[in-house]
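The values are calculated or read from the model by the stated rules, or taken from the named source; none is laboratory data. Only a predicted model underlies this, so the values are computations on that prediction, with no experimental measurement involved. Reconstructed Cβ throughout: ideal geometry from the backbone, glycine too, with neighbour counts over all protein chains shown. Quick note on the areas: whole protein, heavy atoms, side chains included, nothing else; ligands and nucleic acids left out. Shrake-Rupley method; radii C 1.70, N 1.55, O 1.52, S 1.80 Å.
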Amino acid sequence: MDLTFYQDLGIREENSGCSTGQKWITSKKSKVLDIRTPIDGSHIASVHTCMQNDYNEVRKQAQRAFEVWRNIPAPKRGEIVRQIGLRLRENKEKLGKLVTLEMGKSLQEGYGEVQEMIDICDFAVGLSRQLYGYTMKSERPEHRMYDQYHPVGIVGIITSFNFPIAVYGWNAMIAAVCGDVSIWKPSSKVPLTAIATQKIIAQVLKDNDLPEGIFSLVIGSGREVGETMLEDKEVGLISITGSVRVGRHANEVVSRRFGKVICELGGNNAIIVSDKADLQLAVPAIVFGAVGTAGQRCTSTRRVIIHEDVYDTVKKSLVRAYKSLKIGTPLDEKNHVGPLIDADAVRQFEDAIRQARENGGNVIYGGQVLKGKHYPSDNYVRPCIIEADNAMPIVQEETFAPVLYLIKYSGDVENAIRIQNDVRQGLASAIFTRDMRESEIFLSCRGSDCGIANVNIGTSGAEIGGAFGGEKETGGGRESGSDAWKAYMRRQTNTINWSKGMPLAQGIKFNI
């Protein structure tokens, strides 16, 4: 495999995993990560991790940068983000290929992920002129009252392996136009994409004679730098994407110092297929949602809740579609499914299938770990379909792999909604129906309890214009579009007295 293309992105055989923007720090005590592609297990490059002292240096520089950055008018901050978007466009193909090489998703998804960060840059540029507050009528004469938003300071961004660049973009670009600076801790499984992205951004800052520390990078263990970031009182906001366990711990630590947290945690996403559904729409959406990124999206489709009248038809269609999937190296654009990220992910895949069988589930397709010349590493699996009951313990869990559970329902759509909502997670959901009443019930207050609810669209592939996030154990956070920007700012209410007196609210009299 030709791995030389990434050198144009500034990736070398050995790389520092700690940066203030212009300065790269390598501690003598740093550990070395050997980064291998899940595609065939071959070595790509090495990364020297960030240690606690290195983190402290990065954070101090971020504090200094914030004092400059917050005073730059928001539209001018937007101009910097616009230039970052342009640089990403210039490097889209190479950066997208690096995403595929390092994470294992298809080339199309790799390119799409870079495009997603480009799109959020465009969104943030417009947002930089729309950071609106509100004016309110005061009950006191000759008084003016309004609210406004100020930057929170340093934003700590902790991202997971499955989206090595897009989720960072959602947070960092929105935070930047709000006047915040950011420290990014990416997953240690995919650090090279983060290093390449950091170098692209750093060049933009250098070209504009801006201080280092506006965008910083720390690659290291959760114990060494992750915990330090969570406990750091100078970090005003933590945005974390990961498991429920990690998110719960982060909330506990940050709440003790009264910091702010955005959590994007587990998803156990369902598609309801009504007996009134257009199956030509539903089946492709289910398949992409279940096997895209090899089932390693927080919005991946995990459960399909199918009306008994169309259950057998949908089941046969899904098995037929799964049999047509091409599995292999994601660098070949003809393949639909690439490898899982590593051996641990493969073990989770196998364990979930074993537990499903023990719970009484019926495996109707797939579930094998694939071997042979077409599969150049041990990370390739055949996506699995299992007939199951929603109450099974394994169905209640999120398995970060291509395992799809088929669940039958009878009666009206509200029975299906009850099944869908009967899990601890609440991220993405969808219904396929041509019945307007069913779709409106699904979107009503007695419908889906998820942060994302779609009609005749699958659970994955959210656009950046809407706020992204979920409820219950998904964490309640919101990122990206709509008014999610408010989470990256502190709100302030202001009252101005331009009268000659000092009237009090609520008619209180206080004479001295």
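Quick one: order LEU237, LEU210 from most to least accessible surface, probe 1.4 Å.
Largest accessible area first, the residues go LEU210, LEU237.
Hey, what did the chain get for relative contact order, percent, Cα under 8 Å, at least 6 apart? Let's see the in-between values first.
Numbers: 1168 pairs, mean separation 88.3, N = 512.
So the answer I get is 17 percent.
Find out how many positive minus negative residues lie around ASN208, taking Lys and Arg as positive, Asp and Glu as negative, among other residues whose Cβ is under 14 Å from that of ASN208. Please report the intermediate quantities before stating the final value.
Details: positive: LYS76, ARG77, ARG82, ARG87, LYS206; negative: GLU79, ASP207, ASP209, GLU212.
Neighbourhood net charge equals +1.
What full-extension length gain, to one decimal in nm, is calculated for ASN494 and LYS334 as 0.36 nm per residue of separation minus the Cα-Cα distance?
Using 0.36 nm per residue and subtracting the Cα-Cα distance, I get 51.8 nm.
Quick one: ranking HIS249, HIS307, HIS48 by accessible area, 1.4 Å probe, largest first, what do you get?
Largest accessible area first, the list is HIS249, HIS48, HIS307.
Residue by residue through the stretch 68-80, which ³J(HN,Hα) values in whole Hz follow from phi under the Karplus form 6.51 cos²θ - 1.76 cosθ + 1.60 (θ = phi - 60°), with glycine and proline marked x?
These are the phi-based 3J(HN,Hα) values: 8, 4, 5, 8, 7, x, 3, x, 6, 5, x, 5, 5 Hz.
Give the percent of DSSP beta bridges with both residues in the stretch 1-133 that are antiparallel, rounded to the nearest 5. Write out the running numbers ahead of the final one.
Details: 6 of 9 bridges.
Antiparallel bridges: around 65 percent, rounded to the nearest 5.
Note down the nm distance, to one decimal, between modelled labels 7 Å out along Cα→Cβ at LYS373 and at TYR134.
6.7 nm
Just the accessible area for ARG357, please: 1.4 Å probe, Å², rounded to the nearest 10?
140 Å²
Under 15 Å Cα to Cα from LYS408, which aspartates and glutamates show up? Leave out anything in the same chain fewer than 8 places away.
ASP275, GLU308, ASP309, ASP312, GLU387, ASP389, ASP422
Return the FRET efficiency for the residue pair LEU504, ASP275: r is the Cβ-Cβ distance, R0 is 51 Å, and the value is rounded to the nearest 0.05.
So, using R0 = 51 Å, E works out to roughly 0.20.
Grab the other residues whose beta carbon is less than 11 angstrom from that of ALA65, score K and R as +1, D and E as -1, and report the net.
Value of the local net charge: +1.
In whole percent, what relative contact order does the stretch 376-463 give with Cα contacts below 8 Å and a gap of six or more residues?
24 percent
Rounded to the nearest 5, what is the percent of antiparallel bridges among the DSSP beta bridges in the chain?
Counting DSSP beta bridges with both partners in the chain, the antiparallel share is about 40 percent.
Can you tell me the relative contact order of the stretch 163-289? Whole percent, Cα pairs under 8 Å, sequence separation 6 or more.
Values: 112 pairs, mean separation 23.0, N = 127.
After rounding, I find 18 percent.
With a 1.4 Å probe and every protein chain left in place, work out the accessible area per residue of the chain in Å², rounded to a whole number.
43 Å²
At a 1.4 Å probe radius, which order do ASP312, ASP435 fall into by accessible area, largest first? Can you show the working numbers first?
On the way: ASP312 85, ASP435 45 Å².
Order by accessible area, largest first: ASP312, ASP435.
For the stretch 276-397, how many pairs of lysine residues have a Cα-Cα distance under 20 Å, where the two are 8 or more positions apart or belong to different chains?
Value for the stretch 276-397: 13.
Give the carbon-plus-sulfur fraction of the accessible surface of the chain in %, rounded to a whole number; probe 1.4 Å, heavy atoms of protein chains only.
With neighbouring chains kept in place, the figure for the chain is 48 percent.
Run down the lysines and flag those whose C-alpha is under 18 Å from the C-alpha of LYS189, throwing out any fewer than 8 positions away in its chain.
LYS31, LYS97, LYS105
Please give the net charge around ARG382, taking every other residue with its beta carbon less than 14 angstrom from that of ARG382, where Lys and Arg add +1 and Asp and Glu add -1.
+1
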